[in-house]
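Working notes, structure below.
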Amino acid sequence: MNAPSHGEPDARLVDALAGDDPATRLRAALEAGTVADERLTTILVGRCAVEPDFFVRDMLTWALCRLPADVTVPRLLEELGSGTTQARSQALHTLSKIGDPGAWPAVSTMLHDGDDDVARSAWRAAVALVPAGSESRLAAALGIALGRGDHDLQLSLSRALAALDEAAVPVLEAAMASSDPGVRAHAEATERLRLDPDSGFTLSLELAKRVAATAPDREVM
């Protein structure tokens, strides 16, 4: 049962969430999720923006998921406009875990954020929240980013497109005819991943890059 929402949150717990020791912060985040006190919402969201430890951030997300969505989602949506990249990225991650469909319009505007970590989180959240019937539009929006970033970022995008399955096929087919060899290579590796999730993306991507580098450019119809 959630704690009453009147008054101030437990000061001891608030202090522990900002403590110097990551183990202390982890235990505090676990306790925050266990007591599920709505009064901690702003504190938890604020900690997500600055928490340096991955495991603590993950526990903070779990704690926020334990609170009512009508309390947490509006606060997390506010974070999407933050100038702090971790605030935006972690808010997107938490929204994807909460799964409230009301977050979709805002999440869908974050797909091409200039920060790679934020964009990666937006792709994952978008796949989790996309409304039925909008998968093809999402695939088209994601396809714009083919060829972007390093290996890890490209793998994240490929996984997002592969999760959309058949909705991504027209986008990948068009990208495989791109005049940009990097886009072609990424699209070909993504299609292999879609068809065989257990395939080695690194090998597929490197093979596609070699083929793209030696093949003549194809005209885009």
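The values are calculated or read from the model by the stated rules, or taken from the named source; none is laboratory data. This one's a predicted model, so the numbers in the text were calculated from it and none came from an experiment. No Cβ is skipped: glycine too gets one built from the backbone with ideal geometry, and neighbour counts run over all protein chains shown. Heads up: the accessible areas ignore ligands, DNA and RNA and are worked out on the full protein's heavy atoms, side chains in. Shrake-Rupley method; radii C 1.70, N 1.55, O 1.52, S 1.80 Å.
How much of the accessible area of the chain, in percent, comes from carbon and sulfur atoms when a 1.4 Å probe is used?
Reported share for carbon and sulfur atoms: 55 percent.
I need the per residue convex hull volume for the range 14-129, using only the alpha carbons, in cubic angstrom as a whole number.
85
How large is the accessible surface per residue of the range 38-158, computed with a 1.4 Å probe and reported in Å² as a whole number?
Per-residue value: 42 Å².
Principal axis extents for the range 125-203, Cα atoms only, whole Å, descending order, please.
The Cα atoms of the range 125-203 stretch 32, 27, 21 Å along their principal axes.
Using a Gaussian network for the chain with springs between C-alpha atoms less than 10 Å apart, which of these wobbles most: Leu13, Leu161, Leu172?
Leu13
When the chain is modelled as a GNM with alpha-carbon springs shorter than 10 Å, which of Ala187, Ala69, Ala11 fluctuates the most?
Highest fluctuation among the options: Ala11.
For Asp37, enumerate residues with amide H under 5 Å from its amide H, sequence gap 5+ or separate chain, H modeled in the peptide plane.
Ala3
Provide the FRET efficiency to the nearest 0.05 for the Asp100-Ala177 pair, computing r from the beta carbons and using R0 = 41 Å.
Efficiency, rounded to the nearest 0.05: 0.60.
Once you have the Kirkwood Rh of the chain from its Cα pairs, apply Stokes-Einstein at 25 °C and 0.890 mPa s and quote D in µm²/s.
D = 130 µm²/s.
Kindly provide the helix-only [θ] at 222 nm of the chain, computed as the sum of -39,500 (n - 2.57) over DSSP H runs of four or more divided by all residues, to the nearest 500 deg cm²/dmol?
After summing the helix terms and dividing by residue count, I get -20000 deg cm²/dmol.
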